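K.L.:
The structure follows.
The values are calculated or read from the model by the stated rules, or taken from the named source; none is laboratory data. What you are looking at is a predicted structure, and each value in this text was computed from that prediction instead of being measured. Cβ coordinates were reconstructed from backbone atoms using ideal geometry, including for glycine residues, and neighbour counts include every protein chain displayed. When the accessible area is computed, the model is the full protein with side chains, heavy atoms only, and any ligands, DNA or RNA have been set aside. Shrake-Rupley method; radii C 1.70, N 1.55, O 1.52, S 1.80 Å.
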Amino acid sequence: IYDNHYFVFKYFDSIYETKIEHYSYIDLSQSEDEIRMNIRKSYKSLVNWGYKNLDIKIYDSNNIEENVIYQFENFHIQVSQRRTRTHESWLLQYKAVKQGMAYIVFGFFENKLAAAVLVLNSKTEAYYGVAVNDRELMTRNLPVGHAVLLEAIFIAKRFGIKKFNLGNVANSNDDKLNKIAKYKRGFSSVIETKLVYTFEL
């Protein structure tokens, strides 16, 4: 539960944990040029490289097919070198896209899937869901993910969504998560701090 004064008061004795989280947002009322201007300076050439060298494809309720989610799932397993989620969870995400509650952006490099992002969305807010980038290409310093994520942000704006939520970007004791958080912070100039309560009821 996020900061909710009534709920916290009513169940105060049942609070199990309280923590502070920092969420990075993009205000989609801005123009695409303004959104680009707020990107970290060092990312701008990386974004430009992506738009020049990647074939970017967008999948939403109008064109999604089941083979797209299988491709995403297999790419995730390949990059992670293990299965981290059930096949059923991927099918649920496919259904979310079919129902207009999510969309997917793929970036292909030399006809091979190199980056993928799934975004969940309501009518007012888009949520960064799952993102995967080809590690082998990244070790070659090819920035395959930047333009794909920016395109996902622009799609939310074109859908009339008000803001894009990149999720919790606070630092932690996990180096991998810290790198992801730093990467996401590079796309936004807005961070909101929230109190998050966990209850034992």
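K.L.:
Once ligands and nucleic acids are excluded and a 1.4 Å probe is used, how much of Arg135 is accessible, expressed in Å² to the nearest 10?
P.N.:
Accessible area of Arg135: about 120 Å².
K.L.:
Would you mind computing, in nm to one decimal, how far apart the modelled labels at Leu195 and Thr86 are, each placed 7 Å from Cα along Cα→Cβ?
P.N.:
Roughly 3.6 nm, to one decimal.
K.L.:
Nearest 20 debye, what's the magnitude of the dipole of segment 71-181 about its Cα centre given +1 on Lys and Arg Cβ and -1 on Asp and Glu Cβ? Mind showing how you got there, number by number?
P.N.:
Details: 15 positive and 9 negative charges, 59 e Å.
Charge dipole, segment 71-181, about its Cα centre: 280 debye, nearest 20.
K.L.:
Now, a different point. With a 1.4 Å probe and all protein chains kept in place, how much accessible area does Leu142 have, in Å² rounded to the nearest 10?
P.N.:
That residue has around 30 Å² of solvent-accessible surface.
K.L.:
A follow-up question, please. Relative to the present Cα-Cα distance, how much length would full extension add between Tyr6 and Asn48 at 0.36 nm per residue of separation?
P.N.:
10.4 nm
K.L.:
Can you work out the accessible area per residue across the chain, with the rest of the protein chains kept in place, probe 1.4 Å, in square angstrom?
P.N.:
Here the per-residue accessible area is 58 Å².
K.L.:
What is the percent carbon and sulfur in the accessible area of segment 44-201, measuring with a 1.4 Å probe over the protein chains and ignoring ligands?
P.N.:
Taking all protein chains in place, segment 44-201 shows 49 percent carbon and sulfur surface.
K.L.:
If you don't mind, there's one more thing I want to ask. Determine the relative contact order of segment 69-175: mean sequence separation of Cα pairs under 8 Å and six or more apart, normalised by residue count, in whole percent. Present the calculation step by step, with values, prior to reporting the outcome.
P.N.:
Details: 139 pairs, mean separation 23.0, N = 107.
Normalised by residue count, the contact order of segment 69-175 is 21 percent.
K.L.:
When only C-alpha pairs under 8 Å and at least 6 residues apart count, what is the relative contact order of the chain, in percent?
P.N.:
Relative contact order comes out at 39 percent.
K.L.:
Using unit Cβ charges (K, R positive; D, E negative) and no other charged atoms, how large, in debye to the nearest 20, is the dipole of segment 1-100 about its Cα centre?
P.N.:
Charge dipole of segment 1-100: 380 debye, to the nearest 20.
K.L.:
What nm value, rounded to one decimal, do you get for the distance between Glu32 and Lys123 when each label is placed 7 Å out toward the C-beta?
P.N.:
2.5
K.L.:
What list of ³J(HN,Hα) values in whole Hz, one per residue of segment 97-105 in order, does the Karplus curve 6.51 cos²θ - 1.76 cosθ + 1.60 (θ = phi - 60°) give from phi, with Gly and Pro shown as x?
P.N.:
Values per residue, Gly and Pro as x: 5, 4, 8, x, 9, 6, 8, 10, 10 Hz.
K.L.:
Could you pull out every one of the lysines with an alpha carbon less than 17 Å from that of Lys44, ignoring same-chain neighbours closer than 8 positions?
P.N.:
By straight Cα distance, Lys44 reaches Lys52, Lys182, Lys184.
K.L.:
What is the dipole size for the chain, taken about its Cα centre, with +1 at each Lys and Arg Cβ and -1 at each Asp and Glu Cβ, in debye to the nearest 20?
P.N.:
The calculation lands at about 440 debye.
K.L.:
With every protein chain kept in the model, how would you rank Tyr43, Tyr70, Tyr103 by accessible area, 1.4 Å probe, largest at the top?
P.N.:
If we order Tyr43, Tyr70, Tyr103 from most to least accessible, we get Tyr70, Tyr43, Tyr103.
K.L.:
Work out how much length Gln99 to Asn63 would gain on full extension: take 0.36 nm times their residue separation and subtract the Cα-Cα distance, in nm to one decimal.
P.N.:
11.8 nm
K.L.:
Kindly sort Ser31, Ser42 by accessible area of their heavy atoms, largest first, with the probe set to 1.4 Å.
P.N.:
Numbers: Ser31 50, Ser42 75 Å².
Heavy-atom accessible area, descending, gives Ser42, Ser31.
K.L.:
If you don't mind, another one. For segment 1-107, rounded, prolate or oblate, judged on the Cα gyration tensor with a ≥ b ≥ c (square roots of eigenvalues), a/c < 1.5 rounded, else prolate if a/b > b/c?
P.N.:
Judged from the Cα gyration tensor, segment 1-107 comes out oblate (a/c at least 1.5, b/c at or above a/b).
K.L.:
Leaving out same-chain residues fewer than 8 places away, which aspartates and glutamates sit with a Cα under 12 Å from that of Lys19?
P.N.:
Partners within reach: Asp3.
K.L.:
Right, another one. Can you work out the FRET efficiency for the pair Thr139 and Asp174, with r the C-beta to C-beta distance and R0 = 22 Å, to the nearest 0.05?
P.N.:
My answer for the efficiency is 0.60.
K.L.:
Considering the dipole of the chain built from charges on the beta carbon (Lys and Arg +1, Asp and Glu -1) around the Cα centre, which of Ile64, Leu195, Leu177 is farthest to its positive end?
P.N.:
Working it through, the farthest residue towards the positive pole turns out to be Leu177.
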